[in-house]
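Remarks on the structure that follows.
The values are calculated or read from the model by the stated rules, or taken from the named source; none is laboratory data. The structure presented is a predicted model; accordingly, all values stated were derived computationally and were not measured. Every residue, glycine as well, gets a Cβ built from its backbone with ideal geometry; the counts of neighbours run over all protein chains shown.
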(Lines give C-alpha, C1' and ligand atoms only; values in the text may rest on other atoms or scores of the structure.)
Protein backbone atom coordinates (compact mmCIF):
# COMPACT_ATOMS: atom_id res chain seq x y z
CA UNK A 1 0.00 0.00 0.00
CA UNK A 2 1.19 3.52 -0.77
CA UNK A 3 0.26 5.85 2.10
CA UNK A 4 0.24 9.65 2.07
CA UNK A 5 1.32 10.96 5.49
CA UNK A 6 1.04 14.59 6.54
CA UNK A 7 3.33 15.74 9.34
CA UNK A 8 5.72 13.05 8.14
CA UNK A 9 8.76 14.39 10.01
CA UNK A 10 6.90 15.39 13.18
CA UNK A 11 7.16 13.64 16.54
CA UNK A 12 4.21 11.32 15.88
CA UNK A 13 4.31 11.38 12.08
CA UNK A 14 7.93 10.24 11.85
CA UNK A 15 7.11 7.24 14.04
CA UNK A 16 4.12 6.45 11.79
CA UNK A 17 6.34 6.65 8.69
CA UNK A 18 8.86 4.25 10.21
CA UNK A 19 6.15 1.83 11.32
CA UNK A 20 4.62 1.80 7.83
CA UNK A 21 8.01 1.33 6.19
CA UNK A 22 8.91 -1.52 8.57
CA UNK A 23 5.63 -3.23 7.64
CA UNK A 24 6.47 -3.04 3.93
CA UNK A 25 4.28 -0.11 2.92
CA UNK A 26 5.40 2.71 0.64
CA UNK A 27 5.12 6.20 2.11
CA UNK A 28 4.67 9.56 0.42
CA UNK A 29 5.39 12.16 3.09
CA UNK A 30 4.33 15.81 3.10
CA UNK A 31 7.20 18.17 4.01
CA UNK A 32 7.71 21.94 3.87
CA UNK A 33 11.48 22.44 4.09
CA UNK A 34 14.66 21.15 2.48
CA UNK A 35 15.85 19.85 5.85
CA UNK A 36 12.63 17.89 6.37
CA UNK A 37 12.80 16.55 2.83
CA UNK A 38 16.33 15.29 3.43
CA UNK A 39 15.37 13.69 6.75
CA UNK A 40 12.35 11.97 5.23
CA UNK A 41 14.31 10.67 2.22
CA UNK A 42 16.77 8.99 4.60
CA UNK A 43 13.92 6.80 5.91
CA UNK A 44 13.26 5.46 2.42
CA UNK A 45 9.99 7.37 2.06
CA UNK A 46 9.07 9.48 -0.96
CA UNK A 47 9.02 13.26 -0.55
CA UNK A 48 5.99 15.40 -1.42
CA UNK A 49 6.60 19.14 -1.04
CA UNK A 50 3.79 21.27 0.33
CA UNK A 51 2.03 22.18 3.57
CA UNK A 52 -1.34 21.86 5.29
CA UNK A 53 -2.17 25.33 3.98
CA UNK A 54 -1.37 24.34 0.39
CA UNK A 55 -4.63 22.59 -0.38
CA UNK A 56 -3.57 21.66 -3.90
CA UNK A 57 -0.53 19.82 -2.50
CA UNK A 58 -2.80 17.97 -0.07
CA UNK A 59 -5.24 16.94 -2.78
CA UNK A 60 -2.44 15.83 -5.09
CA UNK A 61 -0.75 13.76 -2.41
CA UNK A 62 -3.97 12.08 -1.35
CA UNK A 63 -5.03 11.39 -4.93
CA UNK A 64 -1.69 9.70 -5.67
CA UNK A 65 -1.95 7.15 -2.83
CA UNK A 66 -3.99 4.20 -1.61
CA UNK A 67 -4.55 5.63 1.87
CA UNK A 68 -4.06 8.86 3.83
CA UNK A 69 -2.87 9.45 7.40
CA UNK A 70 -3.16 13.01 8.69
CA UNK A 71 -0.87 13.70 11.67
CA UNK A 72 0.08 17.32 10.93
CA UNK A 73 -1.10 20.00 13.36
CA UNK A 74 0.40 23.34 14.34
CA UNK A 75 0.75 23.22 18.14
CA UNK A 76 1.33 26.93 18.59
CA UNK A 77 -1.27 27.40 21.32
CA UNK A 78 -1.07 31.18 21.08
CA UNK A 79 -2.96 30.69 17.77
CA UNK A 80 -4.94 27.59 18.72
CA UNK A 81 -8.29 28.68 17.28
CA UNK A 82 -6.69 29.71 13.99
CA UNK A 83 -4.76 26.45 13.79
CA UNK A 84 -7.94 24.46 14.39
CA UNK A 85 -9.55 26.15 11.39
CA UNK A 86 -6.50 25.35 9.25
CA UNK A 87 -6.70 21.72 10.38
CA UNK A 88 -10.40 21.48 9.52
CA UNK A 89 -9.85 22.91 6.04
CA UNK A 90 -6.93 20.52 5.44
CA UNK A 91 -9.01 17.49 6.47
CA UNK A 92 -11.83 18.55 4.19
CA UNK A 93 -9.38 18.83 1.28
CA UNK A 94 -7.93 15.39 1.95
CA UNK A 95 -11.40 13.86 2.19
CA UNK A 96 -12.55 15.51 -1.03
CA UNK A 97 -9.54 14.06 -2.87
CA UNK A 98 -10.54 10.48 -2.09
CA UNK A 99 -14.33 10.87 -1.99
CA UNK A 100 -16.09 8.33 -4.16
CA UNK A 101 -13.46 5.66 -3.53
CA UNK A 102 -12.90 3.16 -0.73
CA UNK A 103 -9.47 4.58 0.09
CA UNK A 104 -9.15 5.18 3.84
CA UNK A 105 -8.39 8.48 5.57
CA UNK A 106 -7.15 8.42 9.16
CA UNK A 107 -7.38 11.71 11.05
CA UNK A 108 -5.61 12.60 14.30
CA UNK A 109 -7.55 13.98 17.24
CA UNK A 110 -6.99 14.35 20.97
CA UNK A 111 -8.79 12.77 23.88
CA UNK A 112 -10.97 15.82 24.35
CA UNK A 113 -13.78 14.34 26.42
CA UNK A 114 -14.96 14.64 29.97
CA UNK A 115 -16.79 11.61 31.34
CA UNK A 116 -17.74 11.80 35.00
CA UNK A 117 -16.75 8.83 37.11
CA UNK A 118 -15.00 6.66 34.51
CA UNK A 119 -12.29 6.70 31.86
CA UNK A 120 -13.42 7.69 28.40
CA UNK A 121 -13.81 4.98 25.77
CA UNK A 122 -14.00 4.78 22.02
CA UNK A 123 -17.78 5.15 21.92
CA UNK A 124 -17.79 8.49 23.71
CA UNK A 125 -18.38 11.65 21.72
CA UNK A 126 -15.69 14.30 21.78
CA UNK A 127 -16.34 17.76 23.15
CA UNK A 128 -18.43 19.80 20.70
CA UNK A 129 -16.63 22.49 18.78
CA UNK A 130 -16.91 25.77 20.63
CA UNK A 131 -15.02 28.94 21.42
CA UNK A 132 -13.58 27.16 24.44
CA UNK A 133 -12.58 24.09 22.43
CA UNK A 134 -12.29 24.96 18.72
CA UNK A 135 -10.54 21.83 17.47
CA UNK A 136 -12.72 20.21 14.81
CA UNK A 137 -10.59 17.27 13.65
CA UNK A 138 -12.99 14.60 14.82
CA UNK A 139 -16.30 16.20 13.81
CA UNK A 140 -14.83 16.96 10.38
CA UNK A 141 -13.74 13.34 9.89
CA UNK A 142 -17.12 12.04 11.02
CA UNK A 143 -18.89 14.44 8.64
CA UNK A 144 -16.77 13.03 5.82
CA UNK A 145 -17.70 9.48 6.89
CA UNK A 146 -21.37 10.45 6.78
CA UNK A 147 -20.82 11.49 3.14
CA UNK A 148 -19.39 8.05 2.34
CA UNK A 149 -15.68 8.80 2.74
CA UNK A 150 -13.79 5.95 4.44
CA UNK A 151 -12.67 8.24 7.27
CA UNK A 152 -11.77 7.29 10.85
CA UNK A 153 -10.03 8.88 13.84
CA UNK A 154 -7.08 8.12 16.08
CA UNK A 155 -7.43 9.82 19.45
CA UNK A 156 -4.02 10.45 20.96
CA UNK A 157 -3.36 10.48 24.69
CA UNK A 158 -2.57 13.92 26.14
CA UNK A 159 1.00 12.76 26.60
CA UNK A 160 2.57 10.95 23.67
CA UNK A 161 6.05 10.38 25.01
CA UNK A 162 9.51 9.24 23.98
CA UNK A 163 12.88 10.72 23.10
CA UNK A 164 12.40 14.06 21.35
CA UNK A 165 9.03 14.80 22.96
CA UNK A 166 8.09 18.49 22.81
CA UNK A 167 4.51 18.17 24.08
CA UNK A 168 2.75 18.66 27.38
CA UNK A 169 5.22 16.93 29.72
CA UNK A 170 8.20 19.03 28.52
CA UNK A 171 6.03 22.10 29.09
CA UNK A 172 5.50 21.00 32.70
CA UNK A 173 9.23 20.34 33.10
CA UNK A 174 10.07 23.78 31.75
CA UNK A 175 7.57 25.40 34.12
CA UNK A 176 9.10 23.55 37.08
CA UNK A 177 12.60 24.63 36.04
CA UNK A 178 11.63 28.27 35.65
CA UNK A 179 9.53 28.55 38.81
CA UNK A 180 11.51 26.24 41.09
CA UNK A 181 8.52 24.06 41.92
CA UNK A 182 6.49 21.29 40.29
CA UNK A 183 2.79 21.94 40.74
CA UNK A 184 -0.63 20.37 40.49
CA UNK A 185 -4.09 21.82 41.12
CA UNK A 186 -6.05 21.00 44.26
CA UNK A 187 -5.57 17.36 45.22
CA UNK A 188 -4.09 16.53 41.82
CA UNK A 189 -6.46 13.62 41.36
CA UNK A 190 -7.32 14.45 37.76
CA UNK A 191 -5.71 11.88 35.50
CA UNK A 192 -4.12 11.75 32.08
CA UNK A 193 -3.64 8.77 29.80
CA UNK A 194 -0.31 8.17 28.05
CA UNK A 195 1.24 6.29 25.14
CA UNK A 196 4.72 5.89 23.70
CA UNK A 197 5.05 7.37 20.21
CA UNK A 198 6.08 4.03 18.70
CA UNK A 199 3.07 2.24 20.23
CA UNK A 200 0.82 4.99 18.88
CA UNK A 201 2.33 4.43 15.43
CA UNK A 202 1.21 0.80 15.50
CA UNK A 203 -2.39 1.94 16.08
CA UNK A 204 -2.20 4.11 12.96
CA UNK A 205 -0.70 1.34 10.88
CA UNK A 206 -3.21 -1.32 11.93
CA UNK A 207 -6.15 1.08 11.58
CA UNK A 208 -5.15 1.95 8.02
CA UNK A 209 -4.64 -1.73 7.14
CA UNK A 210 -8.11 -2.67 8.41
CA UNK A 211 -10.12 0.51 7.82
CA UNK A 212 -13.50 1.05 9.41
CA UNK A 213 -15.38 4.19 8.42
CA UNK A 214 -16.40 6.30 11.42
CA UNK A 215 -14.25 4.34 13.87
CA UNK A 216 -12.60 6.11 16.79
CA UNK A 217 -9.40 4.41 17.91
CA UNK A 218 -7.66 5.14 21.21
CA UNK A 219 -3.86 5.28 21.28
CA UNK A 220 -3.81 4.74 25.04
CA UNK A 221 -1.24 2.49 26.73
CA UNK A 222 -1.61 3.79 30.30
CA UNK A 223 -5.19 4.52 31.20
CA UNK A 224 -4.99 6.69 34.31
CA UNK A 225 -1.91 8.56 35.52
CA UNK A 226 -2.69 11.02 38.32
CA UNK A 227 -1.51 14.54 37.56
CA UNK A 228 -0.15 14.70 41.10
CA UNK A 229 2.10 11.70 40.38
CA UNK A 230 3.36 13.23 37.12
CA UNK A 231 4.21 16.42 39.02
CA UNK A 232 5.94 14.36 41.73
CA UNK A 233 8.10 12.54 39.18
CA UNK A 234 9.14 15.86 37.65
CA UNK A 235 9.90 17.35 41.06
CA UNK A 236 12.03 14.35 42.02
CA UNK A 237 14.07 14.49 38.82
CA UNK A 238 14.66 18.25 39.09
CA UNK A 239 15.11 18.32 42.86
CA UNK A 240 12.39 20.95 43.36
CA UNK A 241 9.44 20.92 45.76
CA UNK A 242 6.09 19.53 44.65
CA UNK A 243 3.22 21.81 45.60
CA UNK A 244 -0.56 21.94 45.44
CA UNK A 245 -2.06 25.14 44.04
CA UNK A 246 -5.61 26.34 44.45
CA UNK A 247 -7.71 27.04 41.39
CA UNK A 248 -7.12 30.73 42.05
CA UNK A 249 -3.34 30.31 42.31
CA UNK A 250 -2.95 28.01 39.30
CA UNK A 251 -3.02 30.62 36.49
CA UNK A 252 -0.05 32.49 37.94
CA UNK A 253 2.02 29.28 37.70
CA UNK A 254 0.61 27.49 34.63
CA UNK A 255 -0.45 30.46 32.50
CA UNK A 256 -2.20 29.35 29.31
CA UNK A 257 -1.63 25.73 30.35
CA UNK A 258 -3.95 26.02 33.38
CA UNK A 259 -6.94 24.51 31.58
CA UNK A 260 -4.95 21.47 30.45
CA UNK A 261 -3.41 20.99 33.91
CA UNK A 262 -6.87 20.64 35.42
CA UNK A 263 -8.42 18.31 32.85
CA UNK A 264 -9.29 14.70 33.60
CA UNK A 265 -8.27 12.85 30.43
CA UNK A 266 -8.19 9.24 31.59
CA UNK A 267 -9.25 6.82 28.87
CA UNK A 268 -9.36 3.14 28.06
CA UNK A 269 -8.31 1.45 24.83
CA UNK A 270 -10.04 -1.90 25.30
CA UNK A 271 -11.98 -1.68 22.03
CA UNK A 272 -8.88 -0.63 20.09
CA UNK A 273 -6.78 -3.44 21.56
CA UNK A 274 -9.39 -6.07 20.77
CA UNK A 275 -10.31 -4.88 17.27
CA UNK A 276 -6.78 -4.10 16.07
CA UNK A 277 -4.92 -6.77 18.04
CA UNK A 278 -2.85 -4.01 19.61
CA UNK A 279 -0.67 -4.52 22.67
CA UNK A 280 1.61 -1.64 23.78
CA UNK A 281 5.21 -2.81 24.14
CA UNK A 282 7.32 0.29 24.58
CA UNK A 283 8.35 2.15 27.76
CA UNK A 284 5.84 3.73 30.12
CA UNK A 285 5.85 7.45 30.85
CA UNK A 286 7.66 6.85 34.15
CA UNK A 287 10.33 4.81 32.38
CA UNK A 288 10.78 7.51 29.74
CA UNK A 289 11.01 10.26 32.35
CA UNK A 290 13.88 8.33 33.89
CA UNK A 291 15.78 7.51 30.73
CA UNK A 292 14.61 9.33 27.55
CA UNK A 293 16.42 12.63 27.98
CA UNK A 294 13.56 14.66 29.40
CA UNK A 295 15.83 16.26 32.00
CA UNK A 296 18.98 16.76 29.98
CA UNK A 297 20.56 20.11 30.72
CA UNK A 298 19.16 22.91 28.58
CA UNK A 299 21.34 25.53 26.93
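Numerical summary
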item: Helices (runs of 4 or more DSSP H) contained entirely in segment 231-276, each with at least 3 residues that are in contact with a strand residue (DSSP E or B) (Cβ under 8 Å, 6 or more places away or on another chain) and surrounded by 13 or more Cβ atoms within 10 Å (Cβ to Cβ); result: 250-254, 270-276
item: Residue selected from segment 168-178 under the condition out of contact with any strand residue (DSSP E or B) (no Cβ under 6 Å at 6 or more places or on another chain) and within 16 Å of residue 236 (Cβ to Cβ), by the criterion surrounded by the fewest Cβ atoms within 10 Å (Cβ to Cβ); result: 177
item: Count of segment 244-257 residues which are touching a helix residue (DSSP H, G or I) at 6+ places or on another chain (Cβ under 7 Å) and either without any contact (Cβ under 8 Å) to a residue 12 or more places away in the chain or not assigned by TED's automatic domain parsing to the domain that holds residue 184 (or both); result: 1
item: Some residue of segment 96-107 being at pLDDT 90 or above, in contact with a strand residue (DSSP E or B) (Cβ under 7 Å, 6 or more places away or on another chain) and in a helix (DSSP H, G or I); result: yes
item: Matching residues, segment 29-45, being loosely packed, with under 14 Cβ neighbours inside 10 Å and either assigned to a helix (DSSP H, G or I) or in contact (Cβ under 8 Å) with a residue 40 or more places away in the chain (or both); result: 34, 35, 38, 41, 42
item: Unmet requirement for residue 48, which otherwise passes all of (1) under 26 Å from residue 199 (Cα atoms); (2) part of a loop (DSSP other than H, G, I, E, B); result: (2)
item: Selection status of residue 81, within 22 Å of the chain's Cα centre (by Cα), over 26 Å from residue 1 (Cα atoms) and either at pLDDT below 95 or buried (at least 18 other Cβ atoms within 10 Å of the Cβ) (or both); result: yes
item: Among the candidates 132, 110, residue that is at pLDDT below 95, assigned by TED's automatic domain parsing to the domain that holds residue 199, closer than 26 Å to residue 190 by Cβ and crowded, with 18+ Cβ neighbours inside 10 Å; result: 110
item: Number of the condition not met by residue 149 [criteria: (1) touching a strand residue (DSSP E or B) at 6+ places or on another chain (Cβ under 8 Å); (2) at pLDDT below 95; (3) over 17 Å from residue 220 (Cβ atoms)]; result: (2)
item: Residue ranges of strands (runs of 3 or more DSSP E) in segment 128-207 with at least 3 members free of Cβ contacts under 8 Å to residues at least 12 places away in the same chain and touching a helix residue (DSSP H, G or I) at 6+ places or on another chain (Cβ under 8 Å); result: none
